[in-house]
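Chemist: Just passing along the structure, written as structure tokens.
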Amino acid sequence: MSTKDPTEPLRIRAGKYAGVDKGTACTQTSFKANKKAFLYVGQAAGRHKAMFKLRDSLPEAKKLAAKQPDRFEVGSTNWVTARFTPDEPMPRKLWEKWLDESYGLCAKPPGRSPSKRKAAAKKKTAKRKVANQKTPKKKTPKKKAPNKKAAKRNTSARKKARNK
């Protein structure tokens with residue numbers, strides 16, 4: 001039985017990505033990009049485990065989970081847990097692929113691809129142009145000066161009404 005930590009290469013590679021923060025969550029080491037976790041590494045029940053956030057590799061992970069349910073598990077929020085030992089480590093090509101994908105999902109700005117950002121910027125610029133255009137003011141008709149004779153008639157009619 002080997003005593004070498006099979007998670008060490010994972011930890012080293014995860015720590016080399018740009019903008020990564022390393023922390024601890026419960027008994028596991030967490031790696032975050034843009035304040036979002038992309039990898040958890042630790043030990044559980046005498047085995048090592050690594051958790052990856054996946055999207056494109058989910059079908060592959062589901063197949064592995066169906067064939068080896070004691071080693072791979074796919075959660076409902078697209079987190080995939082891989083369990084392994086020093087004698088039976090996770091295949092290097094597999095964890096490298098999953099680690100790159102997991103980091104990529106968290107490292108990019110959320111929600112928008114570059115093309116969507118360009119479209120949103122164009123839309124914003126168009127809105128600014130519309131907002132900056134001066135809208136013509138509605139012309140209100142000018143009020144005429146009051147007719148003096150009509151004003152006298154109104155006041156005299158009021159006086160007569162009061163006197164009655």
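Where a number appears in this text, it was derived from the coordinates with a stated rule and is not lab data. Treat the numbers as computed from the prediction; the structure is a model and nothing was measured. Cβ: placed from backbone, ideal geometry, glycine included. Neighbour counts: every protein chain shown.
Chemist: Going by C-beta contacts inside 10 Å, put TYR103, TYR40, TYR17 in order with the fewest on the left. Kindly include the intermediate steps, with their values, before the conclusion.
Modeler: Working: TYR103 23, TYR40 20, TYR17 17.
Neighbour counts put them in this order, fewest first: TYR17, TYR40, TYR103.
Chemist: Taking 23 Å as the cut-off for C-alpha to C-alpha distance, list the pairs among LYS4/LYS62; LYS16/LYS93; LYS62/LYS108; LYS4/LYS63 that go past it. Before the final figure, lay out the partial values.
Modeler: Numbers: LYS4/LYS62 28 Å; LYS16/LYS93 17 Å; LYS62/LYS108 25 Å; LYS4/LYS63 28 Å.
In this structure, LYS4/LYS62; LYS62/LYS108; LYS4/LYS63 lie more than 23 Å apart at Cα.
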